[in-house]
Amino acid sequence: MQYSRREMLALSLGGVATAGLGPLARPAPTTSRPHAAPLAMWALTGTLKSDDVSRQLDAFAGVGWGVVLYPRWGLELEYLGMAWFERIRFIVEQAAARKMEVWLYDEFCWPSGHAKGLVTKDHPELQAQLLAVERDGTSRIVPVAGSANLLLPQATARFLAVTHERYARAIGEFFGRTVRAIFTDEPSLARQHQPRKPGEAPWQLTWSALLDQALGGDFPKRLAQAGEVARAPLWRDYWAAYTRVFHDAWVAPIAKWCTEHKIAMSGHLLGEHSFGSQVACNGSLRRQLGAFEIPGIDEIHTRTDPAKCEALTLAAIAELAGRERMVEVYALGPPTMSLATMKNMVDLCAACGVDRYVLAICPHDLRGGMFKREYLGIHGPQQPWFREAAKAYGEYVVEAAATARTAKPLGVPWPSDEELWAAAGPDPLRSEPLKAMTQQFVTAARERICARLKSGPTPAAVRRPMDAAWTFQPAGPNSLRLDTPELNVLEVPAVAELSVQAQLVRQLRVNGAPVNLNAAPPDREFDLSYRRVPVTAMLRRGANRIDADLTEPKPLRFLPSLVLWGRFALDAQGRIIAPPRAIKLGDWRPQGYPDFCGTGRYRTEFQLDALPRFLCIDSGDYPASVTWNGRPLGLRAWSPYRFALAGAARVGVNEVIIEVTSTLGHLMTPKAAPPVGLLNVWTE
């Protein structure tokens with residue numbers, strides 16, 4: 001659809017609703033039954049061998065999670081090539097056999113809309129453009145290499161052709177059943193994610209021929225004649241037109257295709273956290289999200305404190321009642337994140353109506369850490385807590401969904417789109433009026449969210465310390481990150497193995513003896529991007545050297561090159577020793593297990609003269625389970641870590657076993673990791 005300048009200005013001044021977007025119109029649902037289980041944002045890397053894929057699908061299905069098929073750095077198949085779609089079909093067939101929910105992801109990594117460069121390959125006319133505006137109002141068009149122009153319907157049509165249509169041909173019979181949705185992630189130009197470079201024009205506006213036409217075909221000329229450009233009223237015209245064109249050229253065609261193919265459009269947009277970023281990235285966040293069957297938001301920072309939360313983002317999703325609402329969570333980590341923190345995030349989001357959770361990320365393997373090095377959120381089977389505690393998390397999410405679906409909008413008045421556009425100027429991110437409007441709205445929204453999450457005081461109870469001596473034993477092997485070649489061994493472990501990161505380690509020698517890495521099998525116990533090498537016979541008492549020829553000059557924070565596993569502990573000087581039989585209450589890291597990634601088992605026997613009602617523990621907010629006199633008392637993944645003793649405790653001698661599980665982050669970033677272990681224990 002095309003508009004004359006006069007028609008476009010009339011539509012702009014009348015608001016987007018007059019232009020046909022409507023007041024948050026809801027798309028027709030592709031399914032009548034809402035879902036609630038968590039969705040692992042399953043980062044697909046490597047070559048996706050069938051046995052490995054099936055094993056991880058078993059793990060996700062076993063805890064009741066679905067998956068989002070997320071192609072990411074480290075994928076060793078050609079994205080959107082024949083082998084890729086053969087693997088996708090295999091995965092979907094296997095997921096269907098396990099009755100799992102599957103979502104597709106419409107891009108390689110992000111931002112969406114470019115098909116990893118295929119949209120503009122051999123199609124320079126579909127390349128994104130910026131209108132670079134100088135302070136005197138002069139302007140020029142600047143092409144953006146590699147990025148598709150999301151303000152051109154022709155670019156969107158090609159994106160759909162090379163991505164969505166090919167998925168439909170490969171697995172279309174599963175749409176609306178096993179495959180319920182397709183996730184779009186921050187559709188935008190790649191450079192909208194980056195700071196402006198020195199020497200660039202003061203203002204750079206997303207541009208296309210369609211946007212130029214919507215503005216009457218003379219917007220650059222009017223800029224040049226505007227005088228004081230930064231304060232010119234014509235910026236309202238630009239942002240109104242941008243909102244309309246982005247919707248018509250990109251959002252609406254994607255939504256229409258999804259509806260026609262009985263698959264829900266989901267995902268989230270860029271720039272949700274402030275009014276300035278909303279205008280700059282989307283024109284109108286709520287208007288664009290209204291086209292999503294399962295609208296979503298991004299809360300990857302995991303700010304769980306309602307007084308400091310992403311209130312504007314949460315308020316936006318709260319407005320879209322009556323449908324499933326999604327949040328992408330936890331992506332920035334850290335990998336030491338506790339399930340208690342994850343649960344608190346669910347409480348916060350559910351209070352604002354969110355009932356679907358996409359957990360970023362759950363990698364097929366860790367090789368993507370070679371490419372994305374700044375942060376790591378990890379919530380899949382590599383986490384030692386996954387097998388036992390992921391099911392409890394999933395059950396909590398399902399329970400929270402029932403509450404979330406009754407949540408109403410926060411009730412904070414929103415400024416109109418016209419007010420936002422009028423205040424935006426040429427650079428909405430730096431607009432002082434928009435900053436003030438954001439702060440005022442966020443303050444009010446946080447107050448409403450805090451009121452929804454307010455809880456009563458916890459009843460005080462009499463604590464009786466357990467005066468007992470505890471034995472300690474890891475339930476599996478101890479782990480030690482090796483970033484230097486020196487290893488001092490006072491006692492050689494009966495079993496010792498090395499995990500060797502295949503991308504980082506070219507050659508390996510242990511005490512001068514070469515290790516044939518090509519003959520070593522993939523490490524299916526730790527991570528598939530590693531090789532597992534037995535080294536017990538190669539170690540010796542005293543000084544040892546483990547020399548690795550590395551592809552990187554410095555250790556990578558979230559991708560250790562070498563990990564030593566075995567039945568050992570470390571003394572205060574960092575030397576390998578035999579595991580102690582007992583440790584004191586408190587953090588287990590300074591007591592011989594500084595990098596331990598796994599489950600530690602504490603055991604004691606003690607005398608009771610009277611029967612307590614509860615056993616309470618402090619595990620550092622990490623999952624803990626209790627067995628009392630042989631009777632399992634359950635698992636607690638978050639507070640209260642309180643276990644009822646009725647039917648288990650007895651007068652006289654009692655045996656207690658407590659298991660505490662740490663995280664992958666305690667191995668990857670041991671110095672930054674929080675305390676973990678049986679920090680304290682008492683009865684009530």
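The values are calculated or read from the model by the stated rules, or taken from the named source; none is laboratory data. Everything numeric in this text was worked out from a predicted model, so none of it was measured. Ideal geometry is used to build each Cβ from the backbone, glycine not excepted, and the neighbour counts take in all protein chains shown.
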> Which residues, taken from region 96-122, are under 25 Å from F174 (Cα atoms) and among the charged types (D, E, K, R)?
Replying inline: R98, K99, E101, D106, E107, K116
> In the list A115, A37, A43, which residue meets the criterion of being of a type in the set (A, V, I, L, M, F, W, C) and more than 19 Å from E186 (Cβ to Cβ)?
Replying inline: A37
> Residues in region 208-217: is at least one under 29 Å from T443 (Cα atoms) and either in contact with a Leu (Cβ under 8 Å, 6 or more places away or on another chain) or buried (at least 24 other Cβ atoms within 10 Å of the Cβ) (or both)?
Replying inline: no
>> Give me the strands (runs of 3 or more DSSP E) completely within region 172-285, filtered to those with at least 1 residues that are out of contact with any Gly (no Cβ under 9 Å at 6 or more places or on another chain) and aromatic (F, W, Y), ordered by residue number.
In response: 203-207
> Across region 343-358, what is the total count of residues that are crowded, with 23+ Cβ neighbours inside 10 Å, of a type outside the set (A, V, I, L, M) and not in a loop (DSSP other than H, G, I, E, B)?
Replying inline: 3
> On the given criteria, is A264 of a type in the set (A, V, I, L, M), farther than 28 Å from H379 by Cα, assigned by TED's automatic domain parsing to the domain that holds P27 and in contact (Cβ under 8 Å) with a residue 24 or more places away in the chain?
Replying inline: no
> Is there a residue being at pLDDT below 95, over 30 Å from R135 (Cα atoms) and in a loop (DSSP other than H, G, I, E, B) anywhere in region 468-476?
Replying inline: yes
> Being without any contact (Cβ under 8 Å) to a residue 12 or more places away in the chain, more than 26 Å from R244 (Cβ to Cβ), out of contact with any Cys (no Cβ under 8 Å at 6 or more places or on another chain) and in the same structural domain as T313 (by TED's automatic domain parsing), is that true of even one residue in region 173-191?
Replying inline: yes
> Of all the residues that make up region 100-143, how many are surrounded by fewer than 17 Cβ atoms within 10 Å (Cβ to Cβ) and part of a loop (DSSP other than H, G, I, E, B)?
Replying inline: 7
> Looking at (1) touching a His at 6+ places or on another chain (Cβ under 9 Å); (2) surrounded by fewer than 22 Cβ atoms within 10 Å (Cβ to Cβ), can you tell me which one E684 breaks?
Replying inline: (1)
>> Criterion first (in contact with an Asp or Glu (Cβ under 9 Å, 6 or more places away or on another chain), polar (S, T, N, Q), farther than 23 Å from R72 by Cα and in contact (Cβ under 8 Å) with a residue 12 or more places away in the chain) does Q129 satisfy it?
In response: no
>> Just to be sure I understand the filter: pairs with C-beta atoms under 6 Å, separated by 6 or more residues or on different chains, first member in region 448-463 and within 17 Å of Y641 (Cβ to Cβ), second member modelled with pLDDT of 85 or more and assigned to a loop (DSSP other than H, G, I, E, B). Which pairs pass?
In response: A461/E684
>> If A646 meets every condition in (1) at negative phi; (2) touching a strand residue (DSSP E or B) at 6+ places or on another chain (Cβ under 7 Å) apart from one, which number is that one?
In response: (2)
> Among the residues of region 547-595 satisfying the criterion of being of a type in the set (A, V, I, L, M) and in contact with a Ser or Thr (Cβ under 9 Å, 6 or more places away or on another chain), which is nearest to M668 (Cα to Cα)?
Replying inline: L559
>> Against the conditions (1) within 14 Å of G137 (Cβ to Cβ); (2) in contact with a helix residue (DSSP H, G or I) (Cβ under 7 Å, 6 or more places away or on another chain); (3) aliphatic (A, V, I, L, M), where does A214 fall short? Just the number, please.
In response: (1)
> What about D595, is it charged (D, E, K, R), part of a loop (DSSP other than H, G, I, E, B) and either at pLDDT 95 or above or crowded, with 21+ Cβ neighbours inside 10 Å (or both)?
Replying inline: yes
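Table: residues versus (1) of a type in the set (D, E); (2) over 23 Å from A404 (Cβ atoms); (3) touching a residue at least 24 places away in the same chain (Cβ under 8 Å); (4) assigned to a strand (DSSP E or B).
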{"site": "G296", "(1), (2), (3), (4)": "no, no, yes, yes"}
{"site": "E328", "(1), (2), (3), (4)": "yes, no, yes, yes"}
{"site": "T341", "(1), (2), (3), (4)": "no, no, yes, no"}
{"site": "C362", "(1), (2), (3), (4)": "no, no, yes, yes"}
{"site": "K372", "(1), (2), (3), (4)": "no, yes, yes, no"}
{"site": "Q382", "(1), (2), (3), (4)": "no, yes, yes, no"}
